[in-house]
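Trainee: Below are the structure tokens for one structure; questions will follow.
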Amino acid sequence: MAGGRRKGHLWFALALCVALILPVLAVPASAQLFGGTNDATAEDGADAGFFGPLINLFSPRPMSAGPPAPDATPYTLTLNVTGGDSGLRDRVEAASNLERLSERPPSGAAGLVRRALADQRDINAALYAAGYYGGIIRIRIAGSPPDAPDVFQRVEAARAQGPVPVEVAVEAGPPFLFGRIELLDAKTRRPLADAPPLARLRLVPGEPALATSIVRAEGLVVDHWRRMARPFARIESKEIVADHVSHTVDVTFFVAPGPVATFGRFTVVGADFLTPGFIEERIEIAPGTPYSPELLDRMRRRLLEYEAIASVRVREADQLEPDGSLPVTIEVSPRKPRYVGFSATYSSTDGSALNAYWGHRNLFGGGETLRLDAQVSWFGEKSEAVPTADPFGYKLAAAFVKPGIYTAQDDLVANAAVLREVTNAYVREAVTLLVGIRHRYSDDLSLQVSIDLEQSQVEDSTSTRDYGIVGVPFELTYDNTDSKLDPSRGWRAAATVEPFAYLGEAGAGPTLFKGSVSTYHAFDERKRFILAGRMAAGSIIGAGLYDVPPQRRFYVGGGGSLRGYEYQSASPRNEEGIIIGGRSFFEASLEARLRVTDTIGIVPFFDMGSAFASEWPDFDGLKYSAGVGVRYYTAIGPLRVDFAFPLNPGPEDGDFGVYVSLGQAF
């Protein structure tokens, strides 16, 4: 049934993907560790255009576009690398402008010579980065070195006969290993007793002597002593000696740890757009606290969570006060107070929605936020429970947050909505209100206690009923991840307990329990491979299945829970095969997030889950799905397109699901 319908939806999904991608596509910038220009646009004035990133994904060379350079000088390149492994050749080719830009001729003989001279430097840096310090690089342009006195005449003579021949020969030489590693006091020239272990610095004798490891270690050494309450720690000098006989590299850092310090006075600058004392109340670092860069970073990130604040700059004083304290200046700047926007979501199983919104980030000057949303949705098919229902829905919503309602750690949170919701299990028209106080115990942990009110009219396969709901949810959340939209490390957990004073026909007494946990782990420093996992479960106790209003039962299936299956389809059904929902549920997902380029990623995933009629999950009839997704990484988060396939579908399930949205699945 759904398979044929989804084939038609697939073309709509692809068109929507293009429409969402086009406004944010940009040419991915090239970069390298040891300097040198890799910016082809700056040299040649080319622009790869909207489709450059997608074409470059399947092409070994960057896409060429735009007008040719004036006085273009075509050339042919012969690049030979001897020694090392295939990975080293890839590094050399990536560092070589002559190779990377060979299809985009430079401007004149001077442009070709500049490109060759840059290669001399950049290829040498690539060899150092891979641990090869005895390499030999020979570059010939029309038979002459790029620094030869007559090179320009030779280039002009050669180009008159066709493309200029360019030869690059790289002899890598033997790989070098780390030898002696020392961290010495810059004053006494003696070893520092509280130095970090070499393994933490990744400078281990006998390991490959990568120049990138040495550069990274400098920052780690300074960070080590700054974390020990020494804000002025620095490396005064360093000695790096490559022994070409033993093929080892000795590294010596001369470190000036500096004095131990405490935090002194904090001065706030630029906060006149907020009520007096707003920033000061949220610093939460008492004078006399031992200096810690982590405390400053947490404070900065905490302040940036307020929508009214665009930037936070922390400036430490150049010297300590006589009492050994460090004055700190906090500079803040405002964001534009008002904003307007538009968003769209598509799913071949959940339906589609268009949303327009307006918001204010600093409504009364105290960091208050207000957002108004107007959404229209299309379910995409007839509701199984109410086949005669109009498939269109709507939602008018308002969200308000008042920071510091009692203390700086307490926020007033209010959400109200008027809506019409169409699903396979029911059609609901409702007015909802949630008002609560959120208390932040730490940067990672918070508790929100609310009043949950709803008055609704719900039509299902049996009848139309009016429901009144009054609940008091307690929601505990923990989040120490490094990003809201695209986390690469850390944990997220949420637990909700909601006793109901009134739950439709169930009356007073039922209690909802719901929890979820997800974790993320990057296996490399560049975050090219991230493993992500999620698990969720819930239960309603103290009420029969049909006593619980349909909209408060649990449902599994669709893009937010079990991809590849129809919305709500992995849920209990009645004797007629119509979805009715359950009193408990279980879900789990696993994703491998692989970045192919800086902007394109591939995500294979596996989902499982189901809702159950029993009070507690009995794991009978679990559904499974698998699929692959594409991510386009933008400045505001990844654009997600997922293709999912059910592994044990039932007769009512379709062949696949397509999902388009902003942000990761979890």
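Trainee: Say each of Gln161 and Thr78 gets a label point 7 Å from the Cα, pointing the same way as Cα to Cβ; how far apart are those two points in nm?
Mentor: So the two model labels end up 1.4 nm from each other.
Trainee: At 7 Å along the Cα-to-beta-carbon direction for both Phe266 and Ala193, put a label point, then send me their distance in nm to one decimal.
Mentor: Label at Phe266, label at Ala193, 3.4 nm between them.
Trainee: Can I ask one more? Which of the chymotrypsin sites (Phe, Trp or Tyr not before Pro) found in segment 595-626 are in a DSSP loop and have at most 16 neighbouring Cβ atoms, other than their own, within 10 Å?
Mentor: Those satisfying the criteria are Phe619.
Trainee: Rounded to a whole number, what % of the accessible area of segment 312-384 do carbon and sulfur atoms account for, probe 1.4 Å? Show your work: numbers first, answer last.
Mentor: Working: 2040 of 3760 Å².
Looking at segment 312-384 in its full context, I get 54 percent from C and S.
Trainee: I need the peptides 111-124, 253-266 ranked by packing, meaning the mean over residues of other C-beta atoms within 10 angstrom, with the highest value on top.
Mentor: Most protected by this proxy first, the peptides run 111-124, 253-266.
Trainee: Here is a follow-up. What's the FRET efficiency of Asp598 with Asp479 using the Cβ-Cβ distance as r and R₀ = 30 Å, to the nearest 0.05?
Mentor: Efficiency for this residue pair is about 0.70.
Trainee: Using a Cα-Cα cut-off of under 14 Å, which aspartates and glutamates could be cross-linked to Lys238, ignoring same-chain neighbours fewer than 8 residues away?
Mentor: Glu182, Asp185, Glu218, Asp250
Trainee: Quick one: the Cα spread of the chain along its three principal axes, in angstroms, biggest first?
Mentor: Between the extreme Cα coordinates on each principal axis of the chain lie 93, 71, 46 Å.
Trainee: So, one more: Please state the shape class of segment 279-380: rounded when a/c is under 1.5, otherwise prolate if a/b exceeds b/c and oblate if not, all from the C-alpha gyration tensor.
Mentor: Because a/c hits 1.5 or more and a/b exceeds b/c, segment 279-380 counts as prolate.
Trainee: Highest mean first, how do 428-441, 190-203, 538-551 rank when packing is the count of other Cβ atoms within 10 Å averaged over residues?
Mentor: Sorting 428-441, 190-203, 538-551 by mean packing, highest first, produces 538-551, 428-441, 190-203.
Trainee: Oh, and also: Going down the table (Lys382/Lys484; Lys402/Lys527; Lys514/Lys623), which pairs top 25 Å between alpha carbons? Let's see the in-between values first.
Mentor: Working: Lys382/Lys484 35 Å; Lys402/Lys527 36 Å; Lys514/Lys623 20 Å.
The answer is Lys382/Lys484; Lys402/Lys527.
Trainee: Within a Cβ distance under 9 Å of Glu421, other residues only, what is the Lys/Arg minus Asp/Glu net charge?
Mentor: With Lys, Arg at +1 and Asp, Glu at -1, the net is +2.
Trainee: Apply the Karplus curve 6.51 cos²θ - 1.76 cosθ + 1.60, θ = phi - 60°, to the phi angles in segment 315-332 and return the couplings in whole Hz, x for Gly and Pro.
Mentor: 10, 8, 5, 7, 8, 7, 6, x, 7, x, 9, 10, x, 10, 10, 10, 9, 10
The values are calculated or read from the model by the stated rules, or taken from the named source; none is laboratory data. Nothing here was measured: the structure is a model prediction, and the numbers come from that model. Cβ: placed from backbone, ideal geometry, glycine included. Neighbour counts: every protein chain shown. In case anyone asks, the SASA skips ligands and DNA or RNA and just uses the protein heavy atoms, side chains included. Shrake-Rupley method; radii C 1.70, N 1.55, O 1.52, S 1.80 Å.
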